[in-house]
Amino acid sequence: MREPEDSIVDMLDAEILEDEAQDEFAKYFNGKAPKVAITTGSIPSRDTKEFVYHMMDLIPGITYYRRRKFYLKKIIKFLIAKDFTDLIVINEYQRHVTSMMIIHLPDGPTATFRISGVRYPQHIEERGTMTDHSPELILNNFTTRMGHGVGRMLASLFPQLPEFEGRRIITFHNQRDYIFLRQHRYIFDADPENKEVGLKPRIQEIGPRMTLKLLRLQQGTFDTTEGEFEWFGTNRMYVSKRKFYM
């Protein structure tokens, strides 16, 4: 059983709803379309390039910029001038994708996630076919105030006007502070044994799939010298297997 925490909130609480209406993500839930950019290190590996390719399929309208030798602060200034709303930076170690930084523009916050369990569509059996329609989003089990904010940050990367005819669903499911990202397509099959019942719904995974683990949450945009951290995960914080933060 999970240890009780003061940070667990009721998402329908009047104070929480008021905070939502005034936070940095509110305008994206009220009609403003996100404009997202993605980049990598200066010399991305083949694995990183493939990851970026699938992220560009996942997030509608995303734009890739080659990093070259530009510092992140310079890239952030350039993107703010171009009215981008978010920057995703893919990091690697020993030529394999290890983490992802999401920088919300123009004023933050900045979140860094460890990435594991990546599986691309071509490795998923009986996978569905992706379309270009804007997906429906499901955020599940983000129960604390911080978790709720992280969920809204992830959701704000996507247009909040789903095109239902595409039948795409993207799910961010939080379980024990691990965020499982899955993409499905729901389909309807006729029941050959009982035609009077009508169509039977089912879901078919599209991919990609991955698991995210929040490492750091920083106020403002990326700053290694003067940035203030709202949350910094350490191994000591997870000594108790019943205490979670999102």
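Quick check on region 234-246. Is at least one of its residues touching a helix residue (DSSP H, G or I) at 6+ places or on another chain (Cβ under 7 Å), of a type outside the set (Phe, Trp, Tyr) and either exposed (fewer than 15 other Cβ atoms within 10 Å of the Cβ) or touching a residue at least 24 places away in the same chain (Cβ under 8 Å) (or both)? Looking through region 234-246, at least one residue is touching a helix residue (DSSP H, G or I) at 6+ places or on another chain (Cβ under 7 Å), of a type outside the set (Phe, Trp, Tyr) and either exposed (fewer than 15 other Cβ atoms within 10 Å of the Cβ) or touching a residue at least 24 places away in the same chain (Cβ under 8 Å) (or both).
Restricting Ile203, Ile187, Ile179, Ile169 to residues that are in contact with a Leu (Cβ under 6 Å, 6 or more places away or on another chain) and assigned to a strand (DSSP E or B) narrows the list to Ile179.
Look at Ile179 and say whether it is of a type outside the set (Lys, Arg), over 20 Å from Ile103 (Cβ atoms) and open to solvent by less than 20 Å² (accessible area, probe 1.4 Å).
No; evaluated as a whole, the condition is false for this residue.
Per the conditions (1) open to solvent by less than 50 Å² (accessible area, probe 1.4 Å); (2) farther than 27 Å from Met210 by Cα; (3) β-branched (Val, Ile, Thr), the sole criterion not satisfied by Ile80 is (1).
Return the pairs, sorted by first residue and then second, in which the second residue is at pLDDT 95 or above and not in a loop (DSSP other than H, G, I, E, B), the first residue lies in region 204-231 and is at positive phi, the beta carbons are less than 6 Å apart, and the residues are 6+ apart or on different chains. As it stands, the answer is Gly207/Pro121, since those pairs meet every condition given.
Based on this model, can you work out whether Leu87 counts as closer than 24 Å to Arg216 by Cα, surrounded by fewer than 19 Cβ atoms within 10 Å (Cβ to Cβ) and in contact with a Leu (Cβ under 9 Å, 6 or more places away or on another chain)? Criteria not met by Leu87. Phe164 falls short on exactly one of the conditions (1) open to solvent by less than 50 Å² (accessible area, probe 1.4 Å); (2) more than 20 Å from His54 (Cα to Cα); (3) of a type in the set (Phe, Trp, Tyr), and that condition is (1).
The values are calculated or read from the model by the stated rules, or taken from the named source; none is laboratory data. Being a predicted model, the structure only gives us computed values, none of them experimental. Here Cβ is always computed from backbone atoms with ideal geometry, including for glycine, and neighbour counts include all displayed protein chains. For the accessible areas, the whole protein counts, side chains as well, though only heavy atoms, and no ligand, DNA or RNA atoms are used. Shrake-Rupley method; radii C 1.70, N 1.55, O 1.52, S 1.80 Å.
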